[in-house]
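One structure is given below, encoded as structure tokens.
The values are calculated or read from the model by the stated rules, or taken from the named source; none is laboratory data. The structure presented is a predicted model; accordingly, all values stated were derived computationally and were not measured. Reconstructed Cβ throughout: ideal geometry from the backbone, glycine too, with neighbour counts over all protein chains shown. SASA here: full protein model, heavy atoms, side chains in, ligands and nucleic acids out. Shrake-Rupley method; radii C 1.70, N 1.55, O 1.52, S 1.80 Å.
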Amino acid sequence: MTSLNRRDRFKAKKTQKRIWNFVITAIAAAAFFFFLKDFAVKSETTKINPSDTHYRENNPTNDHTPDNSTTDTPPPEQHPEERLLLKNKADHTITLQLADKTVMQSFAVDDVHQQIYVSQVESGRAPEEAESFVITRCTMDGKMLDSMTLKYGGHGTNIGVEVDGDSVYVWSSYNKIAEDGTVTGHDLVRFKYKAGAVYNPSSHALKNFSKLIDPSASIQIAAAVDPINKTLAVRQRSGTKTSVDVYSLTDVLSGGDTKLSTTIVPKNLYYLQGFSLDGDYLYWRTGDTDETRFKDFVTVFNTITGGVVYQKHMTAGIDGLVNESNFREPEGIFLYTKPDTGEKSLFVGVVTGGNGERFNRIHAFSIGE
């Protein structure tokens, strides 16, 4: 009996030792796993830093909400590769024939009639004269069809195109002009595109949407239209604060001003070279002629959360600079959806060449696989 008890006690101790060894090994393995996971997450989320002017590119897993965002909640797309990633090489390039010899400022696509509308500052103005801009209507392969002029309208920074039946309407900023000819502010307008027409600040063709603008703060206005979802994005900038409000086109045209969302753009994303709206995504283009100062970046925001979900450094047009006066400037952006297939492409504008010999091109990049 005593011998049996000793044997049982020995077996019990041996079993207990095995159990403790297993538990200790499991705890050590779990701690090592979580350490690696935490390290990986930290390494990934530090790839993009909104306090740094020169963001790194290709951050599909980044969920960092930028400074001045309206929310601290990260966007739901933690891995938006299929929805947002751009190919590294353009599928095709469109060379534009434009009405003026200046640099294009922005463009938008009429997806119903398959035409491109491009804005440019009008050349030949006197130094004391307010800027005017020209809109050229082109085919999808860049051939010029006709144009119109917005006298004293401003810089043509970003335009939106809305199709209503057989008519095409343009949304844009427009200068407010005092009696002495000085610019006193900017307003948001909608007007029908009319080949050969010349509009001015007092033209009855301009419909004013002042109720969407904060008169006490805004010093710069720009607009974009999402033709698929029938929404309007309005950018306002005051000092260093830039915001983009999204509205339903139907609501705005019926007199409403209900905001669907507001995105606050980080202060370090400049210079603005255009923006485009596609559903809940805002495509924001920034950069300069000098890549060492401000690189050409496309930054994508989720307008519901206000967070950055993707960013890419665009290099289209850099290869041919030696033969085109070593001048390159990013100008314009538009998210194009092919009507028959629903395929999406990001159109980015690039201007090269010297004064009077500009090459205005649109490079089309497929999205996703």
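Is there a residue being in a strand (DSSP E or B), under 24 Å from the mean Cα position of the chain (by Cα) and modelled with pLDDT under 95 anywhere in region 95-105?
For region 95-105, residues in a strand (DSSP E or B), under 24 Å from the mean Cα position of the chain (by Cα) and modelled with pLDDT under 95: absent.
Can you tell me how many residues within region 273-296 are closer than 16 Å to SER106 by Cα and either open to solvent by 10 Å² or more (accessible area, probe 1.4 Å) or among the basic types (Lys, Arg) (or both)?
4
It is to be established whether one or more residues within region 304-326 are charged (D, E, K, R) and buried (at least 18 other Cβ atoms within 10 Å of the Cβ).
yes
I need the full set of residues from region 209-246 which are in contact with a Gly (Cβ under 9 Å, 6 or more places away or on another chain) and among the charged types (D, E, K, R), in order please.
Correct list: LYS211, ASP226.
Looking only at region 229-271, count how many residues are buried (at least 17 other Cβ atoms within 10 Å of the Cβ), among the aliphatic types (A, V, I, L, M) and farther than 17 Å from SER173 by Cα.
Selection size over region 229-271: 3.
Does region 271-280 include one or more residues that are of a type in the set (S, T, N, Q) and closer than 14 Å to ALA233 by Cβ?
Yes.
Looking at region 139-148, can you tell me whether even one residue there is of a type in the set (Ser, Thr, Tyr), assigned to a strand (DSSP E or B) and more than 17 Å from LEU188 (Cβ to Cβ)?
Scanning region 139-148, I find at least one residue that is of a type in the set (Ser, Thr, Tyr), assigned to a strand (DSSP E or B) and more than 17 Å from LEU188 (Cβ to Cβ), so the answer is yes.
So which of THR242, THR231, THR149, THR184 ends up being farther than 20 Å from LYS259 by Cα, in contact (Cβ under 8 Å) with a residue 12 or more places away in the chain and of a type in the set (Val, Ile, Thr)?
Only one candidate passes the filter, namely THR149.
Report, ordered by the first and then the second residue, all pairs with beta carbons closer than 8 Å, sequence separation of six or more or different chains, a first member in region 92-113 that is touching a residue at least 40 places away in the same chain (Cβ under 8 Å) and charged (D, E, K, R), and a second member that is open to solvent by less than 30 Å² (accessible area, probe 1.4 Å) and assigned to a loop (DSSP other than H, G, I, E, B).
What qualifies is ASP110/PRO227; ASP111/PRO227.
Just to check your reading of the model, which residue among ILE159, ILE177 is within 18 Å of GLN105 (Cα to Cα), among the hydrophobic types (A, V, I, L, M, F, W, C) and either touching a strand residue (DSSP E or B) at 6+ places or on another chain (Cβ under 6 Å) or touching a residue at least 12 places away in the same chain (Cβ under 8 Å) (or both)?
Exactly one residue qualifies, and that residue is ILE159.
Yes or no: SER123 over 22 Å from the mean Cα position of the chain (by Cα), crowded, with 21+ Cβ neighbours inside 10 Å and closer than 22 Å to ASN355 by Cβ?
Spelling it out, it is not the case that SER123 is over 22 Å from the mean Cα position of the chain (by Cα), crowded, with 21+ Cβ neighbours inside 10 Å and closer than 22 Å to ASN355 by Cβ.
Tell me whether region 293-302 contains one or more residues that are without any contact (Cβ under 8 Å) to a residue 24 or more places away in the chain and among the aliphatic types (A, V, I, L, M).
no
Taking THR184 as meeting all but one of (1) among the β-branched types (Val, Ile, Thr); (2) farther than 26 Å from GLY349 by Cβ; (3) buried (at least 20 other Cβ atoms within 10 Å of the Cβ), write down the number of the exception.
(3)
Looking at region 164-214 only, could you name the residues that are assigned to a strand (DSSP E or B) and among the small types (Gly, Ala, Ser)?
Residues satisfying the conditions are SER167, SER172, SER173, GLY185.
Restricting region 320-339 to residues that are more than 24 Å from the chain's Cα centre (by Cα) and outside any helix (DSSP H, G or I), which is nearest to LYS295 (Cα to Cα)?
If we take residues in region 320-339 being more than 24 Å from the chain's Cα centre (by Cα) and outside any helix (DSSP H, G or I), then ASN326 is nearest to LYS295 (Cα to Cα).
Residues of region 208-228 being over 29 Å from ASN268 (Cβ atoms) and surrounded by fewer than 19 Cβ atoms within 10 Å (Cβ to Cβ), which ones?
Selection gives ASN208, SER210, LYS211, ILE228.
Does ALA205 satisfy being within 25 Å of GLN114 (Cβ to Cβ), open to solvent by less than 40 Å² (accessible area, probe 1.4 Å) and not β-branched (Val, Ile, Thr)?
So ALA205 fails the test.
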